[in-house]
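Data first, discussion second: the structure below is written as structure tokens.
The values are calculated or read from the model by the stated rules, or taken from the named source; none is laboratory data. All of these numbers come straight from a predicted model, not from anything done at the bench. In this analysis, Cβ positions are derived from the backbone assuming ideal geometry, glycine residues included, and neighbour counts consider all displayed protein chains. These area figures cover heavy atoms from the full protein model, side chains too; ligands, DNA and RNA do not enter into them. Shrake-Rupley method; radii C 1.70, N 1.55, O 1.52, S 1.80 Å.
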Amino acid sequence: MKSQFAFICFCFSVCFLQLFAQDTIQPIKNNNKKEVNISVSKTTDSIVDGKKLQSTSIQAVIDSTQIKSLQDHELALQIDEKWLEELYSNTLFDTIYKTVSELDYKPVVYPELPTDTLKARLAKLNARTPFNVEYNPSLENVIKNFLKNRRTSMERLMGLSHYYFPMFESEFDNFNIPLEMKYLSIVESALKPRAKSRVGATGLWQFMFATGKQYGLDVSSYVDERSDPIKSTKIAAVYLSKLYEIFGDWDLALAAYNSGPGNVTKAIRRSGGYQNYWNIRHNLPRETAGYVPAFLATMYIFEFAKEHGFKPEKPQFHYVETDTIRVKQMITLDQVAETTNIPIEELQFLNPSYKLDIIPYIEDKAYYLRLPRTAIGTFVNNEEQIYAFAKTEFDKREKPLPQFFEAESRVRYRVRSGDYLGKIARKYGVRVSQIKQWNGLRSNNLRIGQRLTIYPRRPVVNTSVASNSNASQASSSSSKTYTVKQGDSLWSISRKFPGVSVQNIRDWNDISGNNLKPGMKLKIAKG
């Protein structure tokens, strides 16, 4: 019995020593982001049964090339969904455009604003601006109409103004334009840089194609600088200053901006030579007749927002919290989103002039990428890796043209698990705002099984042919499973498998974002 007990004790001690001598992995901090050789060291631990046991210590190497480790900010991930929805919706622009074109001057009951109070406030406003904002019953009715019926939309516009107005004021100051002219962008476009009118006028300041070209705005297949907030504002300042030189009156310059100088001079002739806007208003086109009152009413509401209890929707970032980088090679906003972890919708908002979400590279011409300041350092410090990633992605797209199939002008798409509007929009070469408009969506939320109507920009191959082709490819492909490790990203994993892209991994595993968890099993199909 004692011998059995001694034998058990001996076995227990051997197991304990072996457990104690197991290999340990100790990660090493790599602050310099340089390659570190794996070092293996063996040390004598103890002696068991006359034999020396050695423990091997392997120092883990941090992958210095993985894009996932480049992120250095939290701001982009915290953008409020309601705010994003407002940024990319054209509903507000359509509403304001209709309001101005159909403006009437019927009396509005609004006891919260007595006429005497309004007269006093307009007098203050008139004293500090070069615009003619003297009281008249028509203007009073428009102001009360906006206060009564457009409170919610005005609060949304006040939120958007935190981003746009600082850049407008800077450009107008350079050209001695009244800073209050910033309110014109609300009447023109509801602060939507990609707004397009029914006649083709585009951008915050609603330039026609020919006007944009005339003033040097780049309008091409890739770029529409009519949607660039700064460049289009500079041209608007130039144009407005020329109109003021012609008419010598800012109210008439506003009217000419909307309908053209010719219509204003006709109205002056028909009125008998009057040069006050309110005296020639009845001789102007209907839309222009409501244009200046809408501008003055908007100015009043913004200037006296506090007195009327407005609560603006404030954005998560302001114009001063962004900066630009001149691109050194072609790159897509999708690739920037992948490498910086900034939502694609936010990049589209900050870079509205790139029609296909592609920033081209042309020698002797500068194209810029605007990012939140918190992401600028990440991009600049890792430019070579980011551009290498972009080039790799473009190289993978260099494939022989597929067999021609008849393209469909409209598709019905069924939402699958992991889908989101940005992903579907990129698939068909359209914009999130377009999908929302075609399907009457008021938010970015989707449900599995929901059917969406899409009018794709890219040709769509017949579904049955495509599915047969995919099936044949799948049958000839060999697939394997990859287990996600700590620090892995979709990009670093794709580099382990030649010919496999980030989007491939997403599609094979129904992944919509970039988030991975250690231990997750990913299907990797290699054809």
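So here's what we get for this one:
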| read-out | value |
| --- | --- |
| PHE165 vs. criteria in contact with a helix residue (DSSP H, G or I) (Cβ under 8 Å, 6 or more places away or on another chain), open to solvent by less than 10 Å² (accessible area, probe 1.4 Å) and of a type outside the set (Gly, Ala, Ser) | no |
| From the options SER227, SER197, residue that is among the hydroxyl-bearing types (Ser, Thr, Tyr) and either more than 19 Å from the chain's Cα centre (by Cα) or more than 30 Å from GLU345 (Cβ to Cβ) (or both) | SER197 |
| Matching residues in the stretch 505-527 - criterion: being at pLDDT 75 or above and assigned to a helix (DSSP H, G or I) | ILE505, ARG506, TRP508, ASN509 |
| Tally of residues being farther than 21 Å from ASP419 by Cβ, open to solvent by less than 30 Å² (accessible area, probe 1.4 Å) and not in a loop (DSSP other than H, G, I, E, B) across the stretch 479-490 | 1 |
| Residues (in a helix (DSSP H, G or I) and over 25 Å from MET208 (Cβ atoms)) located in the stretch 270-295 | ARG270, TRP278, ASN279, HIS282 |
| Any chance GLN385 is in a loop (DSSP other than H, G, I, E, B), open to solvent by 30 Å² or more (accessible area, probe 1.4 Å), of a type outside the set (D, E, K, R) and modelled with pLDDT of 90 or more | no |
| Which listed residue, of ARG198, ARG226, is open to solvent by 10 Å² or more (accessible area, probe 1.4 Å) and touching a residue at least 24 places away in the same chain (Cβ under 8 Å) | ARG226 |
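Yes/no per residue for (1) out of contact with any Lys or Arg (no Cβ under 8 Å at 6 or more places or on another chain); (2) in contact (Cβ under 8 Å) with a residue 60 or more places away in the chain; (3) buried (at least 21 other Cβ atoms within 10 Å of the Cβ):
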residue: PHE302; (1), (2), (3): yes, yes, no
residue: LYS306; (1), (2), (3): yes, no, no
residue: LYS311; (1), (2), (3): yes, yes, no
residue: LYS328; (1), (2), (3): yes, no, no
residue: ILE344; (1), (2), (3): no, yes, yes
residue: ASN351; (1), (2), (3): no, no, yes
residue: ASP357; (1), (2), (3): no, yes, yes
